[in-house]
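Q: This is the structure, below, for whatever I ask next.
What follows is calculated from the coordinates using simple rules that are stated; it is not laboratory data. Predicted model only: the values in this text are computed from it and were never measured. Methodologically, a virtual Cβ is constructed for each residue, glycine included, from the backbone with ideal geometry; neighbour enumeration extends over all protein chains shown.
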Amino acid sequence: MLTRRKDEKGRILREGEIQKADGRYEFRYYDVNGERRSVYSWRLTPTDPIPEGKRDCASLREMERDILRDVEDGLLTQQKITLNDRWGVYIADKPELKQSTRTNYRYMYDKYVRDEIGAMKIASIKYSTMKKFFNSLIHERDFKVNSTRIVYNILHPVFVVAIRDGVIRTNPMEGIMADLKRSNDWEQPKRHALTEEQQRAFMAHVETSDVFRRWNPLFTCLLGTGCRIGEMLGLRWEDVLWKENVISINHNLIYRMLDSGRVGFHITTPKTRKGVRLIPMFQNVRRELQNEYMRQQENGFCQDIVDGYCGFIWQNCFGRVLTPNRVNHAIARIVADYNQQEERMAAAEGREPNVLPRFSAHQLRHTFCTRLCERENDLKLIQEIMGHANISTTMDVYNESNTDRKKASFARLETITDLF
């Protein structure tokens, strides 16, 4: 008759269970690859007390239950696979990522994740682990919604791939962003277009200012093409097709951390096929580009070469390509100067000042799209000009641009109540 093994308390041990001489319990098993493995605990069952001076841990039977379930499901959770290990697997198998995106992902992971939770076994990472981690980013590092979403977008697919590879069963990131939005009362910041009055005021101030007049060609082109700032700053003279009266958008100029660890310029292609496009060259844009070309014929063209690209249109006073931060800084100075002047005039005239809001170069793109939507009903045409990957983006701008017109229509419809 087979004698069952017992522990020092006289309890019958199951197959694979052993109590060692020092009192620890061991469970031996074979993983899905057929390799012999063991786990240990000072407790056999959850009700057993922890021996004095020993670290608390799950009981052997709790570990055993999870292990047998994982083995049955073909998972590899009991191997010493860390989040850093799985991050390496994920990022190495993403050849489709733009180099700039890959560099940014690596920077964010190394700075905020690797030393915080990266060394943890991925099987031990729970929803509560990730909630605590993101809360630390928000409350200790002052992360806002956009920065938090970047880290979320980096980590979520790492767990997805781990599930597909049979390493873990569930994704501890599921529902995190919705929960964080609720608990932190986040609202996605909404960029608003300039009104026609604000647009005219801004451009008039640029055109008439001795200090800011040199920015007029660039801002005219941003407001007259709807280009993204990287697309505009990356424009070369060869991208301006004078005979066809169109501008070819086929690359971006970006300024960010490179693989070398240094910040610098880099050329990247648009993220989607919709980004490569021809856009119409309106009369005011053509005029400003012609004037800029003639000015550079006298003063010199940009000599910078970035990833083999040269002949850039826009340059600073030293003949170097512009950074987006430089453009946004110029906008901030122009707005501040205009508002000071407007407030002085309003005080002298005894009226409320019509100040300009703070805005960025991207809002000039949004402003162009709004003006386009106010004058054009063909959403597909607008999408093609703007280079929107999804028509829903175009529709959002179109719907917002029509709000004032809808209000006017509602006011006219109010007259039909006379018929009731």
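Q: From the convex hull of the Cα coordinates of the range 269-363, what is the mean projected area in square nanometres?
A: Numbers: hull surface 37.7 nm².
Average of the hull's projected areas for the range 269-363 equals 9.4 nm².
Q: Something else now. Would you mind checking the tilt of helix 283-299 against the longest principal axis of the Cα atoms of the chain, expressed as 0 to 90 degrees and rounded to 10?
A: 90 degrees
Q: Select from Ile117, Ala332, Ala178 the residue farthest towards the positive end of the dipole of the chain; place +1 on Cβ of Lys and Arg, -1 on Cβ of Asp and Glu, and compute about the Cα centre.
A: After comparing all options, I get Ile117.
Q: How large is the Kirkwood hydrodynamic radius of the range 194-253, in angstrom, based on all distinct alpha carbon pairs?
A: On the way: mean 1/r = 0.0782 Å⁻¹.
When all Cα pairs of the range 194-253 are included, the Kirkwood radius is 12.8 Å.
Q: Sticking with this one: Using a 7 Å offset from the Cα along the Cα-to-Cβ direction at both Thr101 and Asn325, what is the distance between the two label points in nm, to one decimal?
A: Output for this residue pair reads 2.4 nm.
Q: If I model a spin label at Val89 and Met345 as a point 7 Å from the Cα along the Cα→Cβ vector, what separation in nanometres do I get?
A: 6.5 nm
Q: When only alpha-carbon atoms count, how far does the chain stretch along each of its three principal axes, as whole angstroms with the largest first?
A: On the principal axes, the chain reaches 102, 69, 42 Å in Cα extent.
Q: For a 20 Å ceiling on Cα separation, which of these pairs sit above it: Lys20/Lys54; Lys132/Lys181; Lys111/Lys144; Lys111/Lys132; Lys80/Lys131; Lys80/Lys132? Write out the running numbers ahead of the final one.
A: Working: Lys20/Lys54 15 Å; Lys132/Lys181 14 Å; Lys111/Lys144 16 Å; Lys111/Lys132 17 Å; Lys80/Lys131 23 Å; Lys80/Lys132 22 Å.
In this structure, Lys80/Lys131; Lys80/Lys132 exceed 20 Å between Cα atoms.
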